[in-house]
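Undergrad: Mind having a look at this structure? Questions to follow.
None of the figures in this text is laboratory data; all of them are computed from the coordinates on show. Note that the structure is predicted; figures quoted are calculated from it, not measured. With ideal geometry, Cβ positions are generated from the backbone for all residues, glycine too; neighbour counts draw on all protein chains shown.
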Amino acid sequence: MRVSRFFMPLMKETPAEAQIVSHRLMLRAGMIRQQSAGIYSWLPLGKRVLAKIENIVREEQNRAGAIEVLMPTLQSADLWRESGRYDAYGAEMLRITDRHEREMLYGPTNEEMITDIFRSSVKSYRQLPLNLYHIQWKFRDEVRPRFGVMRGREFLMKDAYSFDLDPEKARIAYRKMFIAYLRTFARMGLKSVPMRADTGPIGGDLSHEFIVLAETGESQVFCHRDLIEMPVPGADFDYEGDLEGVFNQRTSLYAATEEMHDAAAFGALPADKQVTARGIEVGHIFYFGTKYSKSMGAKVAGPDGTDVTVEMGSYGIGVSRLMGAIIEASHDDAGIVWPESVAPFDLGLINLKSGDSATDGACSKIYAALTAAGRDVLYDDTDERAGTKFASMDLIGLPWQVIVGPKGVANGEVEVKNRRSGERETLSVDAAIKRFAERPSF
Ligand code: 5CA
């Protein structure tokens, strides 16, 4: 993509309305635009990152055996009356009436709808276990939408729902998601800590929030220091094998959100292991048994032919919130520093003298070769000053920059800069092409 043809409305000024760094940087980098309180348009750079985050979430859900569906944003109020949550949900629910005076709502979550899908078509225990998920926009009329996409009113969520024959099997489903979440966040460069959590309006008695530690986080959390750096299972993890090992290793150490905090148990940890911090909740998983299946009649015929009410859990990830969390965890004074896995482009190509035929020629060669190799290159071919180009490229945070100027080109050379470390290296044009065309991590 050439910058001259792209849509990337960067802001020079620091937006006054943004209180935290991720919100400021997303606005300055032209990734989002606020349309109403807590409701955003996703501009091209933001949309690209959102798609990358979504894809990592999807790959890890699939790997753990969950199956993707897509449910609508609008739901019928009658469905929610069946579970009793239509009245219980309160002012956070956006209620809508259609032209036939039918009561509808913009879904804040989907337990009722997925239970309806399940009960209409699953009749036998042989079809279990089943875990269905979707990645869809939600609406919650939050009292205080703030911090940009961190606490929006409209936001993108991955929500999965598991169905099992008995509580023991439901715990297996819970553990699979628990492990999938560790992998999902680690692939985005985040250190997440699962913490015992309150279940709120979703219900149930077993629940973990996945927390990324950050000073600007909305949650007060307490955990054992060893959880923060604990390695996560690899891509070859066997979801049909031992789940308990990983699960127990994490849950045997103290970690709780404020609502579930046990000061005495925490105080019993060695002083140097006690971490009291702020955190961002990027995921939340629940096991709530038969709360919805019972009220909505979701049953299957068990092995002996008698009806069994299914055991359920639900598993959410804040897909749009993750973008804010990643920036909070990875930025510097010059701007965003994207991990390669979610960067909007793989690298930026900076032409320091557009219009100079040798420089233009070298850039075109690099751009064509890397694009042909499947790399996403953002080529700054504009005639802005060099300083402006450097600042813009640093602000939008692509992991690598290839800098091409007339002096270097006269010697057949370009400069490669790593955005995170700031390290620079001079390479021949061909070596630079080879380096990025062959990078296995892309
Ligand atoms: N049905 C369950 C699990 S699927 C559920 O709704 N859980 S939740 O309420 O905890 O939401 C799941 C995740 O969505 C949260 O962990 C958080 O990362 C994200 N989320 C919740 N509210 C917002 C919001 N207002 N803005 C952005 N993300 C949000």
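Undergrad: Using mean Cβ contacts within 10 Å as the protection proxy, how do 302-315, 24-37 order, highest first? Intermediate results must be reported in sequence, preceding the final value.
TA: Values: 302-315: 17.6, 24-37: 19.3.
Listed from highest to lowest mean packing, they are 24-37, 302-315.
Undergrad: Where the only charges are on Cβ atoms (+1 Lys, Arg; -1 Asp, Glu), what is the dipole of region 3-336 about its Cα centre, to the nearest 20 debye?
TA: Details: 41 positive and 46 negative charges, 215 e Å.
Charge dipole, region 3-336, about its Cα centre: 1040 debye, nearest 20.
Undergrad: What is the Cα centroid distance between region 206-225 and region 244-318, reported in whole angstrom?
TA: Computed from Cα coordinates, the inter-centre distance equals 14 Å.
Undergrad: How much of the DSSP bridge set in the chain is antiparallel, in percent, rounded to the nearest 5? Walk me through the numbers before you get to the answer.
TA: Numbers: 72 of 86 bridges.
Within the chain, antiparallel bridges account for around 85 percent of the total.
Undergrad: Right, next: Explain nothing, just compute: Karplus ³J(HN,Hα) = 6.51 cos²θ - 1.76 cosθ + 1.60, θ = phi - 60°, for every residue of region 393-398 in order, whole Hz, x for Gly and Pro.
TA: Per residue, the Karplus-derived 3J(HN,Hα) values read 5, 5, 4, 7, x, 4 Hz.
Undergrad: Here's a follow-up. Could you grab the relative contact order for the chain? Cα pairs under 8 Å, six or more apart, rounded to a whole percent.
TA: Working: 884 pairs, mean separation 72.5, N = 442.
Relative contact order, the chain: 16 percent.
Undergrad: So if I take the centroid of the Cα atoms in region 28-82 and the same for region 155-197, what is the distance between those two points in Å?
TA: Taking the Cα centre of each part, region 28-82 and region 155-197 sit 17 Å apart.
Undergrad: On to the next question. Roughly how many debye, to the nearest 20, is the charge dipole of region 347-437 about its Cα centre, given +1 on each Lys and Arg Cβ, -1 on each Asp and Glu Cβ, and no other charges?
TA: Taking the Cα centre of region 347-437 as origin, the dipole is about 240 debye.
Undergrad: Still on this structure, please answer the following. Per the Kirkwood formula on distinct C-alpha pairs, the Rh of the chain is how many angstrom?
TA: One over the average 1/r among Cα pairs gives 23.9 Å for the chain.
Undergrad: What number, in nm² with one decimal, is the all-direction average of the projected area of the convex hull of the alpha-carbon atoms of region 347-437? Could you put the intermediate results ahead of the total?
TA: On the way: hull surface 20.3 nm².
Answer in nm², one decimal: 5.1.
Undergrad: When a footprinting reagent is the concern and you count Cβ atoms within 10 Å, what order do VAL319, VAL246 take, fewest first? Provide the component values of the computation, followed by the final result.
TA: Working: VAL319 25, VAL246 17.
Ranking VAL319, VAL246 by Cβ neighbours within 10 Å, fewest first, gives VAL246, VAL319.
Undergrad: Ok, one more. Per-residue HN-Hα couplings for region 343-349, Karplus 6.51 cos²θ - 1.76 cosθ + 1.60 at θ = phi - 60°, whole Hz, x for Gly and Pro?
TA: Working through the residues one at a time gives 4, x, 9, 6, 7, x, 10 Hz.
Undergrad: Here's a follow-up. Hey, what D do you get for region 279-350 in µm²/s if you plug the Kirkwood alpha-carbon radius into Stokes-Einstein at 20 °C and 1.002 mPa s? Numbers along the way, then the final one.
TA: Values: Rh = 16.3 Å.
Once the numbers are plugged in, D ends up at 132 µm²/s.
Undergrad: Related question: LYS273: which lysines have alpha carbons under 19 Å from its alpha carbon, excluding same-chain residues fewer than 8 sequence positions away?
TA: LYS191
Undergrad: Treating only the Cβ atoms of Lys and Arg (+1) and Asp and Glu (-1) as charged, compute the dipole magnitude of region 1-146 about its Cα centre; round to the nearest 20 debye. Walk me through the numbers on the way to the answer.
TA: Details: 23 positive and 18 negative charges, 172 e Å.
In debye, rounded to 20, region 1-146 gives about 820.
Undergrad: What FRET efficiency, computed as 1/(1 + (r/R0)^6) with R0 = 56 Å and r the Cβ-Cβ distance, is obtained for ALA368 and ARG278, rounded to the nearest 0.05?
TA: Details: r = 47 Å, r/R0 = 0.84.
So the FRET efficiency works out to roughly 0.75.
Undergrad: Right, next: Just to confirm a number: summing +1 for Lys and Arg and -1 for Asp and Glu over residues other than VAL212 whose beta-carbon lies under 13 angstrom from that of VAL212, what do you get? Walk me through the numbers on the way to the answer.
TA: Details: positive: LYS191, ARG278, ARG321; negative: GLU209, GLU215, GLU218, GLU281, GLU328.
For residues surrounding VAL212, the net value is -2.
Undergrad: May I ask which of LYS12/LYS417; LYS138/LYS176; LYS169/LYS291 have a Cα-Cα span longer than 18 Å here? Before the final figure, lay out the partial values.
TA: Details: LYS12/LYS417 23 Å; LYS138/LYS176 24 Å; LYS169/LYS291 16 Å.
Flagged as over cut-off: LYS12/LYS417; LYS138/LYS176.
Undergrad: Here's something else I'd like to know. If each residue of separation counts as 0.36 nm, what is the full-extension length gain between ASP307 and ALA264 once their alpha-carbon separation is subtracted? Before the final figure, lay out the partial values.
TA: Working: separation 43, 0.36 × 43 = 15.48 nm, distance 4.42 nm.
Length gained, ASP307 through ALA264: 11.1 nm.
Undergrad: Could you tell me the relative contact order of region 43-108? Use alpha-carbon pairs under 8 Å, at least six residues apart, and round to a whole percent.
TA: Values: 42 pairs, mean separation 17.9, N = 66.
Computed value for region 43-108: 27 percent relative contact order.
Undergrad: Most exposed first by the Cβ proxy, i.e. fewest other Cβ within 10 Å, how do SER392, SER120, SER219 rank? Don't skip to the end; give the middle numbers.
TA: On the way: SER392 23, SER120 9, SER219 18.
So the residues, fewest neighbours to most, are SER120, SER219, SER392.
Undergrad: Per DSSP H run of at least 4 residues, take -39500 (n - 2.57); add these up for the chain, divide by its residues and hand me the 222 nm value, nearest 500 deg cm²/dmol. All intermediate terms of the calculation are to be shown ahead of the outcome.
TA: Details: 14 runs with 142 residues, N = 442.
Taken over the chain, the calculation gives -9500 deg cm²/dmol.
Undergrad: Something else: Just want to confirm a number: the relative contact order over region 347-437, from Cα pairs under 8 angstrom separated by 6+ residues, in percent.
TA: Numbers: 146 pairs, mean separation 30.3, N = 91.
Answer for region 347-437 is 33 percent.
Undergrad: Apply the Karplus parameterisation 6.51 cos²θ - 1.76 cosθ + 1.60, with θ equal to phi minus 60°, to every residue of region 227-232 and state each ³J(HN,Hα) to the nearest whole Hz, in sequence, with x for glycine and proline.
TA: My calculation for region 227-232 gives 5, 5, 9, 5, x, 9 Hz in order.
Undergrad: Here's another thing I want to ask about it. Ranked by Cβ crowding within 10 angstrom, fewest neighbours first, how are TYR239, TYR133, TYR89 ordered? List each step's numbers first, then the result.
TA: On the way: TYR239 14, TYR133 28, TYR89 17.
Least to most surrounded, the residues fall as TYR239, TYR89, TYR133.
Undergrad: Now a separate question. Applying a 10 Å radius around every beta-carbon, put 8-19, 253-264 in order of their mean neighbour count, most first.
TA: The packing order, highest mean first, is 253-264, 8-19.
Undergrad: Please identify every one of the GluC sites (Glu not before Pro) in region 98-180 that sits in a loop by DSSP and has no more than 12 other beta carbons within 10 Å of its own beta carbon. Please report the intermediate quantities before stating the final value.
TA: Details: sites: GLU101, GLU103, GLU111, GLU112, GLU142, GLU154, GLU168; in loops: GLU101, GLU142.
Those that pass, being in a loop and sparsely packed, are GLU101.
Undergrad: What FRET efficiency would be calculated for the residue pair ALA431, MET11, taking the C-beta separation as r and a Förster radius of 35 Å, to the nearest 0.05? Walk me through the intermediate numbers first.
TA: Numbers: r = 36 Å, r/R0 = 1.03.
After rounding to 0.05, the efficiency reads 0.45.
Undergrad: Dipole of region 3-336 (Lys/Arg Cβ +1, Asp/Glu Cβ -1, origin at the Cα centre): which of VAL69, TYR239, LEU165 lies farthest to the positive side?
TA: VAL69
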